[in-house]
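Data block below; observations after.
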């Protein structure tokens, strides 16, 4: 008998040992996910939880005769590790600023140490079901947090202005919170650097909705979309549209005739009363001409990056390198056009290896014998677009956390049991003996 992830699991069915291990997993994953917001406040939790997790994995390996399960996780880890070690050597040979090298390549450290440790820890202790639940709860927290902050801003200040932004920043900094709240085209932007994780939670919610057509799941989907909108990045909005377009055919196939009619009515209503009346603002917000300041920066960066790529096209200029045009004096290696910036640093060889390794991990979802595969791909492929078109996303720690969570979700779901008669998410359900 399958147990839904959303049912109340009796406390007696989960041992104290499993609860403690799950709590450790939650501490480690949460400190990784929310690090961009909490920064120094959460660093001790991150270091302690990882150290303890690492020790438990090392102790457990000889007890299991050093058996490591065969999985695509191994190949992604080997590939990312090779990129990091080889191009770290290239960076040192070229004499790049070591501080810039460390900051620019920090994401690879997570691949090198966190990915295998977290994978083995969850697998050895049979915490897959709890990991899936955690991804859902993390996504819900980020969505509700974003919506709550946006509502508070509008209720307290009636909108956004220079004074309100200054007041919000002062209040946030007093609690050690480190995210940038700003406005773009007269719309609030939270810029948390964690909203992209919602793409993964939304993929699970979309999948569940396609199976159950539950109104609760629809509300969560709407919450996720609002959170992505409030984050303020156009790239995330485009990524969410891509996600919905990828899964729309699957969802419509599962809808009844009545539900299809209702869905079409809602879409037409949204277009008529939300989209068309604000078409001028939307066109202005999503203009990609040089008249837009953000797009203008990209236009100025592209020729400079191409010229830098031409200097060392095959192996690149190493981590921490930058072109003649920079966007930040503190982080000169950071660019909005991150596809080109990655090729500038890693060359054609390293750039292709990096991006192909990520896509290799994403499309491993096709090995899952369930339609959940397309939903997971609907999170991975749009993030590929977001990662390459937004400032300092490729090779960043923010992207690495998303990659790790997505890869683990795919790897664990490949080995889960499925029930064609169940209306709950198969990968969020398992036999009670799993506990």
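General observations
- Three-way shape label, segment 63-198, alpha-carbon gyration tensor, a/c 1.5: oblate
- Between the C-alpha center of segment 110-139 and that of segment 12-65 there is a gap of 9 Å.
- The shape of segment 209-253 comes out oblate: with a ≥ b ≥ c from the C-alpha gyration tensor, a/c is at least 1.5 while a/b does not beat b/c.
- Ordering 59, 302, 309 from the fewest to the most neighbouring beta carbons within 10 Å gives 59, 302, 309.
- Cβ-based exposure ranking for 369, 211, in which fewest neighbours within 10 Å come first: 369, 211
- Cα shape, segment 314-426, gyration tensor, a/c 1.5 rule: prolate
- Computed lengthening from residue 81 to residue 226, 0.36 nm per intervening residue step minus Cα-Cα distance: 48.6 nm
- Each of 109, 251 has some number of other Cβ atoms within 10 Å of its Cβ, and from fewest to most they run 109, 251.
- Between residue 94 and residue 385, the FRET efficiency from the beta-carbon distance, with R0 = 41 Å, is close to 0.85.
Laboratory data are not the source of any read-out in this text; all were calculated from the coordinates shown. Values in this document were obtained by computation on a predicted structure and should not be read as measured data. FYI the Cβ positions are ideal-geometry reconstructions off the backbone, even for glycines, and counts take in every protein chain you see.
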